[in-house]
Amino acid sequence: MKNKVLSYGRQWVDDDDIAEVVKILKGDWLTQGPTVAAFEKTLADYVGVKHAVTFANGTAALHGAMAAAGLGPGDRLLTTPMTFAATANAALYAGAEPVFADIAPETLCLDPVKAEAKLKELPRSIRAIAPVSFGGYPFAMEPFRRLASEHGLVLIEDACHALGGDRGGHKIGFDADMTVLSFHPVKHITTAEGGAVLTQDDAYAHQLRLFRSHGITRNPEDFEEAPEGPWHCEMQSLGYNYRLSDLNCALGLNQMRRLDAFVKRRREVAALYRERLSDVPSLTLPPAHDGHAYHLFPIQVEAVLRGALFAHLAENAITLQVHYAPVPLHPYYKKRFGYRWGDFPEAERFYRGAISLPMFPLLEDADVERVAGCIRAFLAHGSPWTPSCSSQMMRPKA
């Protein structure tokens, strides 16, 4: 009997989700309708902020946040090398330049001490700072809030890994000037594709809504010229078609009712991994935190073993991923900005041994046992040999 295939992430769409999408298909509004506003209100209320502005995907949401922050030619964004390329790319889309400070190994997130050093190195040109809650880890926001205040920066949290996580007694999404979310299928809820920006600031929310819809407003209170009739609208800035449809929002709105259960299960999976793997000496587990949202569960092994372990897991129907190659060390960034291996030692050290284990709510305990047993068996021998991952599965402790 073949093992079922396990990947690092997977969506959970149930019959109720499908029924809500079908209602939209049978209704009057496929896009730009009331379900968008309903989803935005549910998101904002969940986190406890005034505004949630949805976008077509997380990258579009990041682009919108950079534009609302006023980034443009001559400006720089400070962020972490340990993130998906979209965090830094969004600054480039706005005409600005991303610059990077290394991660703190105890959090795998942007190191505030190294961030402060970068701010001193490049005074005045850095206009915004974008720490990333990597893997769902709720890093301490206070040092970045202080840096933003002292240097006059816009603080943008990339929380695309962290919806449903907790920081300091409230939900992630509350602390920054703008917080960006993603609803890709492997994230905590899905809209198939989608993203959002959360903010308390009315002006940012206004700019974000203009930006996602061609820079056009139909609100009479915002008109700059006298309206010619009820059809009047105005393009007041250069925007994009980054809207999220009612179809997507119907799925997201229904998924929100299960968000806390999804996060709870992710934490249970993480706890089981820790129980089964914490005594393996050649393996490092990701940092723990009670408020962790666990989008990812990235382990680290010796760099010389990673390739063989990755291949061995794939041979046993566990097809995983590595998150991430440091952004400034992609060929584009090296060619354009001159970055080289050695520039970010902590991010590079993590990357060279990282493998993201399966982490999603549909995982069963037996799946986690299977993955852990496969890893233990491989590392015990230091080579691709094992008789069978299934025969090496750990059994629940009595």
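The values are calculated or read from the model by the stated rules, or taken from the named source; none is laboratory data. From a predicted model like this one, the values you see are computed outputs, not experimental measurements. All Cβ positions, glycine included, derive from the backbone under ideal geometry; neighbour counts span all protein chains shown. All accessible areas refer to the heavy atoms of the entire protein, side chains included, with ligands and DNA or RNA removed. Shrake-Rupley method; radii C 1.70, N 1.55, O 1.52, S 1.80 Å.
Being open to solvent by less than 50 Å² (accessible area, probe 1.4 Å) and at pLDDT 95 or above narrows it down to one of 188, 206, 170, 184, so name that one.
Within the list 188, 206, 170, 184, the selection yields 188.
When you check residue 136 against the structure, is it modelled with pLDDT under 95 and either hydroxyl-bearing (Ser, Thr, Tyr) or under 20 Å from residue 261 (Cα atoms) (or both), yes or no?
Judged against the criteria, residue 136 is not a match.
Go through the residues of region 4-12 one by one and say whether even a single one is at pLDDT below 95, more than 17 Å from residue 205 (Cα to Cα) and of a type outside the set (Val, Ile, Thr).
Start the filter on region 4-12 by keeping residues that are at pLDDT below 95, which leaves 4.
So of that shortlist, the ones also more than 17 Å from residue 205 (Cα to Cα) come out as 4.
Retained after the next criterion (residues that are of a type outside the set (Val, Ile, Thr)): 4.
Yes - at least one qualifying residue is present in region 4-12.
What is the residue count in region 19-50 for residues that are open to solvent by less than 90 Å² (accessible area, probe 1.4 Å) and either under 19 Å from the mean Cα position of the chain (by Cα) or within 21 Å of residue 263 (Cα to Cα) (or both)? Outline the logic, then answer.
At the first step, the residues of region 19-50 found to be open to solvent by less than 90 Å² (accessible area, probe 1.4 Å) are 19-22, 24, 27, 30-31, 33-40, 42-44, 46-49.
Narrowing the set further to residues that are either under 19 Å from the mean Cα position of the chain (by Cα) or within 21 Å of residue 263 (Cα to Cα) (or both) leaves 39-40, 42-44, 46-49.
Residues that pass the stated criteria total 9.
Could you tell me whether any residue of region 325-337 is β-branched (Val, Ile, Thr) and closer than 18 Å to residue 102 by Cα?
Yes - at least one qualifying residue is present in region 325-337.
Quick one: in region 4-18, of everything that is over 25 Å from the mean Cα position of the chain (by Cα) and of a type in the set (Asp, Glu), which residue is most open to solvent (accessible area, probe 1.4 Å)? Don't jump to the end; show me each part of the working.
First, pick out the residues of region 4-18 that are over 25 Å from the mean Cα position of the chain (by Cα): 4, 15-16.
Now restrict to residues that are of a type in the set (Asp, Glu): 15-16.
Values: 15: 123, 16: 84 Å².
Of everything passing the filter in region 4-18, 15 is most open to solvent (accessible area, probe 1.4 Å).
On the given criteria, is residue 270 at pLDDT 95 or above, part of a helix (DSSP H, G or I) and not basic (Lys, Arg)? Give the derivation first.
Values: at pLDDT 95 or above: yes; part of a helix (DSSP H, G or I): yes; not basic (Lys, Arg): yes.
Answer is yes for this residue.
Would you confirm whether any residue within region 199-213 is over 29 Å from residue 265 (Cβ atoms) and of a type in the set (Lys, Arg)?
Yes, there is a match, as at least one residue in region 199-213 is over 29 Å from residue 265 (Cβ atoms) and of a type in the set (Lys, Arg).
So which residues in region 328-349 are among the hydrophobic types (A, V, I, L, M, F, W, C), surrounded by 15 or more Cβ atoms within 10 Å (Cβ to Cβ) and either assigned to a loop (DSSP other than H, G, I, E, B) or out of contact with any helix residue (DSSP H, G or I) (no Cβ under 8 Å at 6 or more places or on another chain) (or both), if there are any at all?
344, 347
Out of 293, 261, 226, which single residue is in contact with a Pro (Cβ under 8 Å, 6 or more places away or on another chain) and exposed (fewer than 13 other Cβ atoms within 10 Å of the Cβ)? Break it down into steps so the answer makes sense when it comes.
On the way: 293 fails: exposed (fewer than 13 other Cβ atoms within 10 Å of the Cβ); 226 fails: in contact with a Pro (Cβ under 8 Å, 6 or more places away or on another chain).
Answer to the check: 261.
Could you run through region 70-98 and say how many residues are touching a strand residue (DSSP E or B) at 6+ places or on another chain (Cβ under 7 Å), of a type in the set (A, V, I, L, M, F, W, C) and open to solvent by 10 Å² or more (accessible area, probe 1.4 Å)?
Residues meeting the conditions: 2.
Condition (residue is part of a strand (DSSP E or B), out of contact with any Cys (no Cβ under 9 Å at 6 or more places or on another chain), of a type in the set (Val, Ile, Thr) and surrounded by fewer than 24 Cβ atoms within 10 Å (Cβ to Cβ)) applied to region 102-115: is it met by at least one residue? Before the answer, list the steps.
At the first step, the residues of region 102-115 found to be part of a strand (DSSP E or B) are 103-104, 109-110.
Right, trim to out of contact with any Cys (no Cβ under 9 Å at 6 or more places or on another chain) and you get 104, 109-110.
Adding the requirement that they be of a type in the set (Val, Ile, Thr) leaves none.
Among the residues of region 102-115, not one is part of a strand (DSSP E or B), out of contact with any Cys (no Cβ under 9 Å at 6 or more places or on another chain), of a type in the set (Val, Ile, Thr) and surrounded by fewer than 24 Cβ atoms within 10 Å (Cβ to Cβ), which makes the answer no.
Keeping to region 305-327, report how many residues are more than 25 Å from the chain's Cα centre (by Cα) and either of a type in the set (Phe, Trp, Tyr) or assigned to a loop (DSSP other than H, G, I, E, B) (or both).
Residues that pass the stated criteria total 2.
Those residues that are of a type in the set (D, E, K, R) and within 23 Å of residue 205 (Cα to Cα), I need them from region 25-41; list them, please.
Just the residues of region 25-41 that are of a type in the set (D, E, K, R), to begin with: 26, 28, 40-41.
Scanning region 25-41 gives 40, 41.
Would you be able to tell me the number of residues in region 144-166 that are under 16 Å from the mean Cα position of the chain (by Cα), farther than 19 Å from residue 258 by Cβ and either open to solvent by 20 Å² or more (accessible area, probe 1.4 Å) or modelled with pLDDT under 95 (or both)?
0
Scan (1) buried (at least 18 other Cβ atoms within 10 Å of the Cβ); (2) within 18 Å of residue 369 (Cα to Cα); (3) among the acidic types (Asp, Glu) for the single condition residue 246 breaks and write down its number.
Looking at each condition in turn, residue 246 falls short on (2).
Against the definition (modelled with pLDDT of 95 or more, touching a Lys or Arg at 6+ places or on another chain (Cβ under 7 Å) and open to solvent by 60 Å² or more (accessible area, probe 1.4 Å)), how does residue 200 come out, yes or no?
Working: modelled with pLDDT of 95 or more: yes; touching a Lys or Arg at 6+ places or on another chain (Cβ under 7 Å): yes; open to solvent by 60 Å² or more (accessible area, probe 1.4 Å): yes.
Answer is yes for this residue.
Please note which strands (runs of 3 or more DSSP E) are completely contained in region 12-100 and include at least 1 residues that are closer than 29 Å to residue 322 by Cα and free of Cβ contacts under 8 Å to residues at least 40 places away in the same chain. Spell out how you get there, then give the answer.
Details: elements: 51-55, 76-79, 97-100.
Qualifying strands (runs of 3 or more DSSP E): 97-100.
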